[in-house]
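What follows is a set of notes on a single structure, which appears directly below.
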Amino acid sequence: MLQLFSDDRKRIGVLSNISDLKETSNLNSGDKEISFKYPCSGKFYDDIKNERYIRTKTDEYVIKSISGGTNSQWMKITATLNLEDLEGKAFLSFKATEVTARQCLDLILEGTEWKVGTCQITKRRTIKKDAPCNALDVISQIISTYACEITYDALKKQINVYEQIGEDRGCYFIESLNLRKLQTDKTSYDFYTRIIPVGKNGLQIDVDGRNYIENHDYSSKIKTYIWKDERYTIPSSLAEDAARKLAEVSKPYEVYETDVIDLASLNPVYSEILHYDIGDVVWLISKKSGVKAKMRIAKIAKYPLDPQKNTCELSNTKKSFADIQAEQTTEIVDEAVATAGNNTTEQIEASEGSTSEEITAKLFEVKNEIIEEIDGLYVSESKMKVGLSENLRESKFYTDKQLDSYKTAEQTDLALQSLKKSILLETDNKYATTDKLTDELRNNSQQIGEEIKKAVSSSHEYIDPDTQKKYKIIVRSGTLYAEEII
């Protein structure tokens, strides 16, 4: 039964005569989605609108998509799990040092109606987000860092945290019984047998005199992966999580998309041995594909009105097809973000003999000098914006230790003056005329970007320890700004 609610939570009515009801669950994120078709002649056709709510017996969803043409008898509705409160809880940055998963969740859920229910994770880790984020972003990092799995109860507004969701019920998918179709995907693009973990300030592990961990269960090859994560300050935690990460990458990913007849839903006789749910361990047996292995259900699509259409994605990890396809891109982004978040705030606040106000003043001084000299000799700021935009977007990822050597007021001043001279010199050498500006900037913009990113990130926030005022340093169109955050 699907109930429709208005955007102010008033019950409108029960949606009847629906078809193609589909419920999708994803193990990796804990997220869910439903979709269905509703007749255009239905009683509540005009009441179904984006951002209104759909409730089932177990969850609440937000309508995100409504589609259908003028000649169609049905409209299709897609709704996602209602996590609005978590999306709305924003942070300019977030850091929780050596805390349990429950403690970290309590921090990010404070002020919302959400709470932590079951939590099986007791180890302590550090969660850090330097860029602006919301509670869902932090939860995503919690899942990764603590190697846990979560479920959301959108009706009770409760988050449950588990070592592993699901059970091994003895269920099996086998041809000639309940397995109708099998698609196989095995990849080893991100395959390693040795990992060298590096924590904060070059922290390394020592395992029997080695700074690395090996896993040759699948292959005797030596393929080394250097994994750097500045959040780790305790060698034992770094070693533990490195071993877990290596266990995932030291074997090929095996993912199977299956078309399964849900016999347990069709006949109570099979409810004990053939029932399955998200996260469960099941036997996959296929003579045609030569597969006989235990796998986990990483993604599941159920059709409550027509169980014969149910499908599953099985994996030797909790990843789904989409997760694996995005893995390489995600890894690159994570590494870039980790580099960009290398304690720039702490370095500025720890500057010896130089307060936040002094640094701010120097930034304004250099900014104004650059503007005056460029305006007088060359071209306008608006024309520089064309070529600079691309390298500024690139340079925002590369702030690793750029301010590390500028610990004193004198060094900060020298660095900023050097920045100014570098920009002016590049301008003088390469952009002497307006006609050549656009082409030259496009061809050589990276050189200016390198000078900018050596001194300050494109967007940086810090708190003055004396006044507790928040400031943001911004590189915008080739100039530097320091703004107070109200």
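The values are calculated or read from the model by the stated rules, or taken from the named source; none is laboratory data. Predicted model only: the values in this text are computed from it and were never measured. Positions of Cβ are backbone-derived with ideal geometry, glycine not excepted, and every protein chain shown enters the neighbour counts.
Take the conditions modelled with pLDDT of 95 or more and either farther than 20 Å from Asp153 by Cα or of a type in the set (Gly, Ala, Ser) (or both) and apply them to Lys37. Does it pass? Criteria met by Lys37. Checked against the criterion of being in contact with an Asp or Glu (Cβ under 9 Å, 6 or more places away or on another chain), surrounded by 15 or more Cβ atoms within 10 Å (Cβ to Cβ) and over 25 Å from Ala298 (Cβ atoms), the candidates Lys115, Lys157 yield just one match: Lys157. Scanning the range 128-144 for residues that are touching a Ser or Thr at 6+ places or on another chain (Cβ under 8 Å), outside any strand (DSSP E or B) and under 24 Å from Leu238 (Cα atoms) yields Asp130, Ala131, Ser140, Ile143.
I'd like to know if the range 197-214 contains one or more residues that are in contact with a helix residue (DSSP H, G or I) (Cβ under 9 Å, 6 or more places away or on another chain), in the same structural domain as Asp259 (by TED's automatic domain parsing) and acidic (Asp, Glu). Among the residues of the range 197-214, not one is in contact with a helix residue (DSSP H, G or I) (Cβ under 9 Å, 6 or more places away or on another chain), in the same structural domain as Asp259 (by TED's automatic domain parsing) and acidic (Asp, Glu), which makes the answer no.
Each residue in the range 72-99 was checked for being within 23 Å of the chain's Cα centre (by Cα) and in a strand (DSSP E or B), and 12 of them qualify. Could you figure out which of (1) within 28 Å of Lys128 (Cα to Cα); (2) surrounded by fewer than 17 Cβ atoms within 10 Å (Cβ to Cβ); (3) in contact (Cβ under 8 Å) with a residue 40 or more places away in the chain isn't true of Asp185? For Asp185, the failing item is (1).
When both residues are 6+ apart or on different chains and their Cβ atoms are under 9 Å apart, which pairs have a first residue that lies in the range 124-147 and is without any contact (Cβ under 8 Å) to a residue 12 or more places away in the chain, and a second that is assigned to a helix (DSSP H, G or I) and surrounded by fewer than 19 Cβ atoms within 10 Å (Cβ to Cβ)? Every condition considered, the pairs that remain are Ser144/Asp334.
Residues that are more than 30 Å from Leu284 (Cα to Cα) and either loosely packed, with under 14 Cβ neighbours inside 10 Å or touching a helix residue (DSSP H, G or I) at 6+ places or on another chain (Cβ under 8 Å) (or both) do occur in the range 142-151. Whenever a residue of the range 1-30 is under 11 Å from Ile54 (Cα atoms), its partners that are assigned to a strand (DSSP E or B) and polar (S, T, N, Q), lying with C-beta atoms within less than 7 angstrom and at least six residues away or across chains, give the pairs Arg11/Gln3; Val14/Gln3. Counting only residues that are over 28 Å from Leu314 (Cα atoms), in contact with a Gly (Cβ under 9 Å, 6 or more places away or on another chain) and hydrophobic (A, V, I, L, M, F, W, C), the range 19-67 holds 3 of them.
Name every residue in the range 100-127 that is in a loop (DSSP other than H, G, I, E, B), farther than 30 Å from Asp8 by Cβ and among the hydroxyl-bearing types (Ser, Thr, Tyr), in order of residue number. Within the range 100-127, Thr100, Thr122 meet the criteria.
A quick yes/no check of all residues on (1) small (Gly, Ala, Ser); (2) closer than 28 Å to Ile18 by Cα; (3) out of contact with any Asp or Glu (no Cβ under 8 Å at 6 or more places or on another chain):
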{"site": "Glu272", "(1), (2), (3)": "no, no, yes"}
{"site": "Val291", "(1), (2), (3)": "no, no, yes"}
{"site": "Arg296", "(1), (2), (3)": "no, no, no"}
{"site": "Lys299", "(1), (2), (3)": "no, yes, no"}
{"site": "Asn316", "(1), (2), (3)": "no, no, no"}
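Across the range 55-71, what is the number of residues that are in a loop (DSSP other than H, G, I, E, B) and either assigned by TED's automatic domain parsing to the domain that holds Asp153 or surrounded by 12 or more Cβ atoms within 10 Å (Cβ to Cβ) (or both)? Summing the residues that are in a loop (DSSP other than H, G, I, E, B) and either assigned by TED's automatic domain parsing to the domain that holds Asp153 or surrounded by 12 or more Cβ atoms within 10 Å (Cβ to Cβ) (or both) in the range 55-71 gives 3.
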